[in-house]
Structures are given as structure tokens and as C-alpha cells.
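The values are calculated or read from the model by the stated rules, or taken from the named source; none is laboratory data. Values in this document were obtained by computation on a predicted structure and should not be read as measured data. Cβ placement follows ideal geometry from the backbone for every residue including glycine, while neighbour counts extend to all protein chains displayed. Areas reflect the complete protein model, heavy atoms only, side chains present, ligands, DNA and RNA absent. Shrake-Rupley method; radii C 1.70, N 1.55, O 1.52, S 1.80 Å.
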Amino acid sequence: LLKKYTSDPNLKEALQSDIPVLRSDRQVLALKANFKGKVRGIVHELSQSGHTVFIEPEDIVQKNNELIQHRSAFPALKASRRKIRRIVKELTKELSAFYQDFVNSHGIMLQLDRAFAAARWGLENRCIFAATTGTDTENEENAQTLVIKQGRHPLLGAKAVPISLAFLPGKKVIIITGPNTGGKTVSLKTVALFAALNQSGFPVPAVEGTALPVFDDIYADIGDEQSMDQSLSTFSAHMKNIAYMTQNATSKTLMLLDELGSGTDPQEGGAIAMAVLDHLIERKSFVLVTTHHGILKNYGYTKPECLNASVDFDQNTLSPVYRIIMGVPGESHALQIARRNGLNEAIAQKAQKYPDGDESDVSKLIQQLSQKYDELDQLKQKQMIEEQSIREKRRSVDLKELRLRQQYFFTSASLTFLHPQRSLSIDFTR
């Protein structure tokens with residue numbers, strides 16, 4: 001009867017094992033805890049992890065009862081069970097002398113199992129092991145660096161869009177700006193997960209050239225952690241996290257700050273954000289920041305330790321590209337996104353008239369920088385094509401020169417045949 005459950009394709013996802021197991025001398029099914037409602041019956045036991053429940057289906061209860069009664073009716077079965085217990089006790093006594101060996105072997109097996117799991121996961125997700133960078137922050141040649149090339153968020157699967165970012169020498173703060181839904185927060189989470197995977201001995205879903213330091217601590221302030229129970233507003237919750245992070249920051253700390261300075265007056269929030277970054281620069285921590293504050297974009301240009309970056313945005317389709325552009329800040333594109341999400345056009349047009357002064361100048365500057373970046377990218381692509389063409393022409397010229405040399409050598413050479421009395425010379429030039 002249990003076979004109809006273990007072979008049922010509708011239960012395949014729910015079963016932890018397709019083989020019935022014994023619990024209290026009764027045959028039961030091992031189901032994943034979140035699927036326990038799939039089978040009606042008696043729950044006999046819950047695994048220690050809480051992920052598995054052992055259920056005896058309703059229509060199996062009577063059959064298990066009959067089986068137990070049948071066993072009890074035969075004295076030979078009872079005697080057999082007593083013999084089994086005696087054998088198990090004797091074996092346990094003999095093996096107890098090797099208890100410490102079993103404990104040591106168990107630890108080694110766990111390590112091997114973890115290594116095998118990491119390797120298998122890496123193969124399935126096209127991962128590589130990140131290079132480990134130096135830890136000497138004073139020596140420029142051996143300084144820490146963090147580089148991610150074509151990194152894919154490990155939890156997004158096939159939908160993940162690869163990102164690339166790098167901390168340049170002497171720059172340990174990256175300020176990422178750009179539109180909402182553009183991938184800023186996902187970029188922060190990707191870096192954090194890569195750092196955690198690397199320090200756990202796992203490969204990372206990226207390409208060769210990816211390098212990660214070994215951090216003492218990884219701190220993140222991401223999302224809204226407001227709490228009515230603790231009387232914390234959005235801003236207060238952020239400040240509580242940031243206060244703890246700044247107190248413990250070192251040169252071997254990775255800091256991830258999402259929407260730094262948000263949740264309060266923009267001017268005061270921007271001032272606090274800059275002061276926090278000043279402190280983290282003094283501590284020489286690795287810092288990734290996302291923000292919509294225009295003042296932080298300017299901060300990124302005025303501080304030699306900082307590097308601006310942005311998430312790309314398709315102006316034609318008004319949709320994010322999920323590509324990080326290093327060295328250029330990004331616009332929020334709030335009006336365009338608001339229009340796409342149904343904001344009344346009259347309201348949008350009126351809002352468009354409000355931005356002026358410094359904010360408008362910054363927006364124009366960013367647009368010009370983005371345009372220059374695109375032009376530079378096109379020039380780089382053109383230069384690569386021209387360099388490839390020059391290399392091909394140079395190879396062709398070298399090959400032609402080699403053939404001419406060979407032709408000259410054979411046509412100008414002469415062969416001399418020696419004989420005891422005379423010699424014969426053949427000149428190929430005639």
C-alpha cells in the first residue's frame with residue numbers, strides 16, 4: 001500500500017525519501033515539513049532539524065496494526081528480536097573501545113562532505129575560486145583589492161544579470177547611484193554573498209580575474225528595519241545599525257550601506273552620510289554605498305579615496321539594464337519611472353518644472369558625463385577593432401616576408417657535389 005505513495009508523481013516533490021521508514025515498529029512516510037498537508041495521517045515524529053515529518057497514512061494504520069499483531073502471535077519472532085538486541089549490544093561494546101577514532105573520523109568526513117558539496121555546487125553554477133589578495137594596507141603593491149568580474153547573484157539562477165565592479169588602488173569607497181529597480185541593492189547583496197562564500201571555502205559564480213580579500217567582519221545595513229515594538233523609525237533603525245558598524249570598523253571590514261542618509265531631511269541626511277564616510281575612510285574599510293543624494297555624488301568626486309559608479313538605464317525603454325558603470329554617477333530618473341508606473345501626466349509635467357539651481361546643474365553634469373562615457377566606450381571598441389586589424393596585417397606582412405626570405409634562400413643557393421678527383425657545382429640562380 002505504501003508503494004502507491006512512494007511512486008505517486010504528485011508526491012515526488014513532497015517526499016524526502018521514496019523508501020518507507022520504520023518509526024516505533026510502524027512503516028511511515030518521510031515528508032518535507034512544508035508538504036505535510038499533502039498526506040492525511042498520524043504524525044509519529046519530527047526530525048531534529050524540523051525539515052522532515054514522519055507520517056503514517058490513514059489507510060496504512062490498520063495494516064500496520066495487523067502486522068504488529070501478527071508478529072506478537074509468533075514466539076519465534078520475539079526470540080529473533082531478542083537475539084538482534086543481544087548482537088547489537090555486543091557489537092556496541094566491542095566498538096566502544098574505538099569511540100575516539102569514530103569521533104575523529106566523523107569530523108574528517110564532515111570536512112570532506114563540505115568540500116564535495118562546495119565543488120559540486122561550483123560545477124553546477126559555473127563557479128571559480130576567487131584569488132586571495134594581500135592584507136598589507138601600507139604596501140601599495142601588496143594592498144588589498146576587491147574585484148568582481150561577471151558576477152552572478154547565486155540565488156537568482158538563470159535570471160541573474162552579470163555585474164562587474166572593482167576597487168581601484170587607493171580607492172576603498174564606491175558610491176553607487178542610479179534609478180530605483182536598477183540593481184543597486186542587488187549589487188550590494190551580491191558582493192556580500194561573494195565575500196561570505198569565499199570565506200566559507202566555496203567558489204563564486206563569476207569569471208577568472210575575480211579577487212576577494214579575507215575580511216574580519218562583514219556589516220550590512222540594507223532595507224527598512226523600523227520597529228513599532230522598539231519605537232524605532234526608519235531613520236532611527238538605520239542610525240542604530242550604522243552606529244554599531246562605525247564603532248567596529250577596521251581596515252579588514254566590508255561595509256554595505258543601502259540608501260545611506262535616507263529617511264530624514266535630505267540636507268541633514270547628506271551631511272551625516274558624508275561624516276560617516278569620512279570616518280570609514282579613516283578606518284580604511286571597504287565600503288559600498290547606494291544613495292539618491294546628489295551631494296554624495298559630488299562627494300565621490302572630491303574625495304580621492306572614493307569612486308563613483310552607477311547602474312545603467314535604457315532611456316528609450318525606461319527600463320534598467322542591470323549593468324554597473326564605474327567612474328560615472330547616475331541619475332535617479334524618478335520622473336520617467338513615475339510616468340511608467342501611472343503617475344498623472346499633468347502632475348509629472350508640473351514636477352518637471354520644479355528642479356532648478358544646483359540640483360539641475362548636477363543632473364546636466366551627469367548627463368554630459370554619461371554621454372562622454374558612452375563616447376569613450378565606443379572609441380575603446382573602435383580602437384580594439386583597429387588594433388586587431390593592425391595585428392592581422394602585421395602577421396600577414398611577417399608571413400609574406402618569411403616566404404620571400406625562403407624563396408631568396410633557395411633560388412640563390414648552390415649545391416656542390418664532391419668527388420675524389422673533381423667537384424661539380426650546380427648554381428640554381430641560372
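For H292, the solvent-accessible surface with a 1.4 Å probe is about 60 Å², rounded to the nearest 10.
Stretched out straight at 0.36 nm per residue, the stretch from H70 to A271 would grow longer than its current Cα-Cα span by 64.3 nm. Give me the one-decimal nm value for the distance between modelled label points at N344 and Y301, 7 Å along each residue's Cα-to-Cβ direction. About 3.7 nm separates the two model spin labels.
Report note on the peptides 189-197, 31-39: ranked by the mean count of other C-beta atoms within 10 Å, highest first, their order is 189-197, 31-39. Only lysines eight or more places from K380 in sequence, or on another chain, were considered; those with a Cα closer than 23 Å are K149, K372, K393. Separation of the alpha carbons by more than 25 angstrom is noted, of K4/K63; K63/K93; K3/K36; K4/K83; K159/K297; K3/K32, for K63/K93; K4/K83; K159/K297. Label separation (T181 vs L335): 1.9 nm, computed from points 7 Å beyond Cα along the C-beta direction. Between the beta carbons of D101 and S200, assuming R0 = 30 Å, the FRET efficiency works out to 0.60 to the nearest 0.05.
With each label modelled as a point 7 angstrom along the Cα→C-beta vector, the N10-I128 pair spans 4.8 nm. Computing Rg and the Kirkwood Rh from the Cα coordinates of segment 152-262 gives a ratio, Rg/Rh, of 0.97. Nonpolar atom fraction for segment 190-348, defined as the carbon and sulfur part of the 1.4 Å probe accessible area, stands at 52 percent.
Here S80 and F35 are evaluated by their C-beta separation; at R0 = 30 Å the FRET efficiency comes out at 0.25. Length available on full extension from A119 to D216: 0.36 nm per residue minus the Cα-Cα distance, which gives 32.5 nm. Taking each residue as 0.36 nm, the span from Q388 to V88 lengthens on full extension beyond its C-alpha to C-alpha distance by 100.6 nm. Backbone N atoms of segment 27-55 closer than 15 Å to the 7 Å Cα→Cβ label point of V21 belong to residues 27-36, 43-55.
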